Each structure stands twice: as structure tokens, then as C-alpha cells.
Amino acid sequence: MHAAFAATAVCLTATYAYVALRHSLLSPVWLYLLLYAAAFGVYVYVGIRLLPHFQKRPDIYLPLIIVAGCIFRLMLLHSPPSISTDIYRYVWDGRLTTHGINPYQWSPFDPRLRAFRDAAIWYPLEYKYYNTVYMAASQAVFALTYLLVGSSLAGYKLVYILFDFGVIGLIATILKERKFPVTNVYWYAWCPLPIMEVALAGHQDVVGVFFMLLAVLIVVRKRPLRSGLCMVVAAFTKGFAFLLLPLFVRRYGKPFAKWAVVAFFVIGLPMWLKLPQFLHGMAQYLSTVHVNSGLFYLVNKALRSVIPAYSYQITSRLSNIVLLYMLWWSVKAEIRSDQELLRRATILIAVCLLTVPTLFPWYVLWLLPLALIFRPKPAASFIALSGSVVLMYLYYYDYMILWWFRALEYVPFFALLWGEVRAGYWLASPEPVDAGEAGGAGGAADSDVGAGDGSALPLAAK
């Protein structure tokens, strides 16, 4: 078993070493997809064939899994972020903030910011005419990182890699607290998606994922009110986490809500001061960036054959209705255990990602950790999605017009998801009731939510 572990680790090390040497991974795009497929294939092989043996000796293999995952990430520290240009906007916004300029005030193309332009950061920026869409917690990290490393892309990537180390540690700790197999952290530590999207591309979503998991850990350790600040920080990194706040309020009541409201206004202050500019930037972005949608695409395509002039508008409104319904579903019944809280949180984020008009690969980073800590057996469907979602990169080379690329991305995921639904994986399950935390905080009483309370996944129960 030691030899098999070493062999697969060497294979992945060689793959990431080659990735680190490439200066343009999307030219040609098939090369990046081939390298990713190779890494994902090894990852799945280890997870299916070797991980069950690792779980028998966690004292030996857990440190090896974590150390190897960290090494894979550090190997990509100095490689250029050739699969995304988002990191240039992080540096740009951080530069403005540290020079006393609210980054929401003007777009990078505004002539009043001409003095801050340079070839290294400003030139590669995309969406130069758009006001920034990154929220307040993200801006704080951008600014603090700029103070530490200036315009160094490697410096920014190192900060996000360190946050990703924290995510690995939090997943392992939560698994241990919940008495799940702690070696299941493998499914995140060795997953090519965070390695490529965080360590290579430098995507900042990992900061929000870190604080979301920190909030979960605090809840699992029965200190729920302290989780409010962490969840609000996560929400001000990416709006997905705002969907989870009503869940926590439903579970822990007014005391949690008070902390969350205070944090909401304090942390978001730079954004509130320039709210019209921020909303303008969001409107610009949301009206033009529609990439790699899942269910949204299917509904829009069906409506386009009937009412082509209004298909997108109708699909957008249907998407909003689904999200509002899911918010109502998530809080309509009492949440009487941490297990039920995590179940609803995972379903809510999943439905959001599948019904919005854009699904970038790094968005799945919000879902993957939840799919690992929800049950002792991780959700195979979302592990599969972490492998196929990178086909999105074909979009930039006009290959998405071929329907079978989208089918290759989503059919395996939906097939596995349907199997999980039929097997009852996503249904509420009876479990020991959490001790008085919820009732003491003004939330639910101490009894569990059964599968027949109407709170199961709608597609499975209705």
C-alpha cells in the first residue's frame, strides 16, 4: 500500500510539475484539459481503490495525504495564472484601496486612475469598463495582501494557497468532530479543482470557503453565535453564502441574527458608501457574463424555440423563483440538528449553482467541502462535477456550440445525482439530537427532523 501511495503521488507531482512549466495552458486548450483529466483520473483511482485502505491507518496516511496536497499547491506558486485573469483585478483593487481610493468609485478605464496603470497589472485586466464586483471582505484581503506583497502575483497566490491549507485543516477537523472518516479530507486535498483554480489561477473564492467552514466548525463545537461573524465574512466574499444566513438564523434564532446584522453593516461599510457604483458594476457583469450554465441552459434553450425574443428574461425570472422557493424550503421546518443544517446548506448551494446563468469552475469550490462533511460517505455526484466542470474552458474557444461538450460535462453529474436521490442520500435521516444549543439560542427545540417532515429535497420528495 505504501508503494501504491508513493507511485500515485509521484504521478501527480510530475503532472503538476509540467503544469508549472507551461506559460500558456489554454493555448491549446486541449492540453490543459488533457493534463487535468490525467490528474483527475489518478485522483479518482486513489479515492476508489486506495482510500479505503488508508482509512484503516489514519495515523499514517492522514499526514501524508495533507502534506502531499500542500506540496501539489506550492509547486504552482510561481507559475503564471494562465487560465484566468481575475487575479489582476484583485491586485488592481488592492492597489487603489492602499492609495486611499475606494475601488467601487471608478472603473479601471476611468482617466482619473491613469496614474495607477501599468503594463504588468492594468494591461491584462478584463472588463476594464466595469466597476468592481468584488465585495467588502474580498476587498479587505486584496488591500492587506497588497500592503504585504505589492503587485506580486506569486504573493497574492501564496495568500490564497495558505487559505486553502486552512480549508484542508478545517475539513479534517470537522470530519473528526463529526466522527466521520478523517481521511475523507483526501477528496479535497488531492482534488485537481482547488489545486488548479487556487494555486494556479489564484482565485479568491477560497477565502470565503475558509470562513464558511470556520462557521460550520464553530457550530459543530456548540458555539453557534460566534459563527455569525464568520458567515457574514464568507458572504461578503461571494454572495452564495448569503443564502445560508437564513438557515443559521432559523436554527439559532434572534441572538445569531443580531450578531449577523451588526457584522453585515460594519464589514460591508466600504461597499455601502459606494452602493450605486457597486450595483452598477454588478448590473454590467450580470448582463453580459453568461457562461456554462446547467439547468438554466436547458430551460433557456427549450423556451428559445417557442419565444426566442423573451426566453432569457423568462428563464432568469424562473431561476429567481426557484432560488426564492429554495430559501423558503430551507427555513420552513425547524432545524433540530447540525446534520440537518448541513444537509439543507449543501442542497441550497447546489441548487443555486445549477440554476444561475453562469457556473465557473471555481464556484464549485463552495460546494465540494460541504459535500464531504455532510455524510460519512462523500457525495460522488459533486466529486464528479469537480472533474467535468473544467470543460467550461472550451467556451473561450467557441467549442461550446457543440452540444455534446455540455452533455459530457453534465450528464455524468446528473446521472450520479439521480442515483443518490433514488437511494435516499439527500433525504433527512434520524440521528441523535444536538444538546441545548439551538433551544438556548432561541432556535429550534431539541428533537430531530425526520424524513417525513416535508423538508427533504423537493425533487426527491415531490
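Only the coordinates and a few stated rules stand behind these numbers; no lab work does. Note that the coordinates shown come from a computational prediction; the quantities given were computed from them, not determined experimentally. Glycine gets a Cβ as well: all are built from the backbone with ideal geometry, and neighbour counts include every protein chain shown.
Beyond a 20 Å Cα-Cα separation, which of these cross-linked pairs lie in this structure: Lys179/Lys377; Lys56/Lys222; Lys222/Lys254; Lys56/Lys377?
Pairs exceeding the cut-off: Lys56/Lys222.
Below 14 angstrom from the Cβ of Pro378, what's the summed charge of the other residues (Lys, Arg +1; Asp, Glu -1)?
Charge balance near Pro378 sits at +3.
If you place +1 on the Cβ of every Lys and Arg and -1 on the Cβ of every Asp and Glu, how big does the dipole about the Cα centre of the chain come out, in debye to the nearest 20?
The calculated dipole for the chain is roughly 300 debye.
Reachable lysines from Lys238, Cα under 22 Å, same-chain residues fewer than 8 places away excluded?
Lys128, Lys157, Lys258, Lys274
What trypsin sites (Lys or Arg not before Pro) does the stretch 1-87 have in DSSP loop regions with at most 15 other beta carbons within 10 Å?
Loop-located and lightly packed - Lys56.
Along the positive direction of the dipole of the chain (beta-carbon charges: Lys, Arg +1; Asp, Glu -1; about the Cα centre), which of Val159, Tyr310, His23 reaches farthest?
In the chain, that residue is Tyr310.
Give the distance, in whole Å, between the Cα centre of the stretch 98-135 and the Cα centre of the stretch 20-53.
Measuring centre to centre over Cα atoms gives 35 Å.
Would you work out the relative contact order for the chain, in percent, from Cα pairs under 8 angstrom that are 6 or more residues apart?
Reported relative contact order: 16 percent.
Between Ala4 and Val266, what length comes free when the chain is fully extended (0.36 nm per residue of separation minus the Cα-Cα distance, one decimal in nm)?
Between Ala4 and Val266, full extension yields an extra 89.2 nm.
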